[in-house]
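Enquirer: Once you've had a glance at the structure underneath, I'll fire off some questions.
Any read-out appearing in this document is the output of simple, stated calculations on the displayed coordinates, not a laboratory observation. If you're wondering where the values come from, they're calculated on a predicted model, not measured in any experiment. Ideal geometry is used to build each Cβ from the backbone, glycine not excepted, and the neighbour counts take in all protein chains shown.
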């Protein structure tokens, strides 16, 4: 659902119109959601205590950086140029941010001795499909609302990061 919400916000950006940027985002979100449980499963229990302590803070920082950049670029678009979350470091930061919890899922599967292949495949495919849906919905909202929706999208990314931290703090 984090990937869906991020896709909704990213889909509002004018740079995410057309099949190539849409595919890049949906594909990478799905790919990272597939790879993170596999990496977590491979890591096993040796690093699990370390990741559990700060994974939510990593997600907050990554989502906040991208969210703040979206807000900045929405306000300064004419002077600064464009922000394309489907390319470069923005794509990597978003992909890691929305899939960091999947790493913990993989660690849990490894601890329990459950094979990771099938769950990782289902997680990746579901995330890719939800991301595509979010991008398409976001495109509709962005076309209707323009720059204000880009700012709302940036704030939503920061809010998602804060929600991840709060849910971790409330659970622990």
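Enquirer: Using the 10 angstrom Cβ neighbour count as an exposure proxy, how do 127, 22 rank, fewest first?
Expert: Neighbour counts put them in this order, fewest first: 22, 127.
Enquirer: R0 = 22 Å: FRET efficiency of residue 58 with residue 122, Cβ-based, nearest 0.05?
Expert: My answer for the efficiency is 0.35.
Enquirer: For the residues 72, 118, what sequence is obtained by ranking on other C-beta atoms within 10 Å, fewest first?
Expert: 118, 72
Enquirer: As an exercise, use a Förster radius of 30 Å and the Cβ-Cβ distance of residue 155 and residue 43 to find the FRET efficiency, rounded to the nearest 0.05.
Expert: 0.35
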